[in-house]
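The structure under discussion appears below in the form of structure tokens.
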Ligand code: DGL
């Protein structure tokens, strides 16, 4: 399936959102098709993770309006921080602009089998407690959470030494707290998914970027195309 002539607008504060772009391309290529993607890396506002909800809401509104003006007919918020900070304004924006807006933090798989999960993300994401609340399946599910903004920074700046150093800290915490899973609560971390996998072979890597790409290809896109080819009759 291709995107049916749809331009998909995607944004993040920087390179992190490319994790979703790459996953979307991989999944769509598997079915032999191409997507029309307009990716906006909002590096002027990097990092999002230290901003207030009000600042982020303003940035989100601006980015979505710009992408729509550039022709996007659906939006993917490829940033956990922006997904969480703007969660009260997305329904209104969807109505106002008449487009679907998929947010990476929504794609979380709550049916996990893990008992001790470490959530890592930006300051905003960790302080919001969004993922900690969503992942707590039973009172026995133990969650620890850490803000790892410097890791996002190292990934944005492609500073390999700093990336390795921060990954060793993640590993140390995982061992110290005997976690069996880690949730990559920042799309920048998803860009180095393979590094997490080889560093922590016995740990489940929960990656909302991949979940978002799957959700988009399997559910959201077919719905958009079906609605578009059978528009509501004019009253
Ligand atoms: N990629 C963003 C996220 O998923 C975080 C980076 C930032 O703080 O700007 O939350």
Q) Given the stretch 129-235, what strands (runs of 3 or more DSSP E) lie entirely inside it while holding 2 or more residues that are within 17 Å of residue 17 (Cβ to Cβ)? A) 181-185
Q. Exactly one of (1) assigned to a loop (DSSP other than H, G, I, E, B); (2) surrounded by fewer than 17 Cβ atoms within 10 Å (Cβ to Cβ); (3) touching a helix residue (DSSP H, G or I) at 6+ places or on another chain (Cβ under 8 Å) is unmet by residue 111. Its number?
A. (3)
Q) Has the stretch 17-28 got any residue that is surrounded by fewer than 21 Cβ atoms within 10 Å (Cβ to Cβ), touching a helix residue (DSSP H, G or I) at 6+ places or on another chain (Cβ under 7 Å) and at pLDDT 95 or above? A) yes
Q: Inspect all residues belonging to the stretch 177-184 and state whether any of them is at negative phi and out of contact with any strand residue (DSSP E or B) (no Cβ under 8 Å at 6 or more places or on another chain).
A: no
Q) Of all residues in the stretch 67-85, how many are in contact with a strand residue (DSSP E or B) (Cβ under 9 Å, 6 or more places away or on another chain) and within 19 Å of residue 190 (Cβ to Cβ)? A) 10
Q: For the stretch 35-94, enumerate the residues that are in a helix (DSSP H, G or I), without any contact (Cβ under 8 Å) to a residue 24 or more places away in the chain, within 14 Å of the ligand (Cβ to nearest atom) and loosely packed, with under 15 Cβ neighbours inside 10 Å.
A: 44, 55
Q. Only one of (1) touching a residue at least 24 places away in the same chain (Cβ under 8 Å); (2) part of a helix (DSSP H, G or I); (3) within 16 Å of the ligand (Cβ to nearest atom); (4) touching a strand residue (DSSP E or B) at 6+ places or on another chain (Cβ under 9 Å) is not met by residue 23, so which one is it?
A. (4)
Q. Taking residue 32 and the conditions (1) farther than 14 Å from residue 72 by Cβ; (2) at pLDDT below 95; (3) buried (at least 16 other Cβ atoms within 10 Å of the Cβ), which numbered condition does it fall short on, given that it satisfies the others?
A. (3)
(Q) Against the condition touching a helix residue (DSSP H, G or I) at 6+ places or on another chain (Cβ under 7 Å) and farther than 29 Å from residue 169 by Cβ, how does residue 99 come out, does it pass? (A) yes
Q. Given the conditions (1) within 21 Å of residue 222 (Cβ to Cβ); (2) away from the ligand (no atom under 13 Å from the Cβ); (3) at pLDDT below 95, which single one is not true for residue 102?
A. (3)
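The values are calculated or read from the model by the stated rules, or taken from the named source; none is laboratory data. These numbers were taken from a predicted model, which means no experiment stands behind them. No Cβ is skipped: glycine too gets one built from the backbone with ideal geometry, and neighbour counts run over all protein chains shown.
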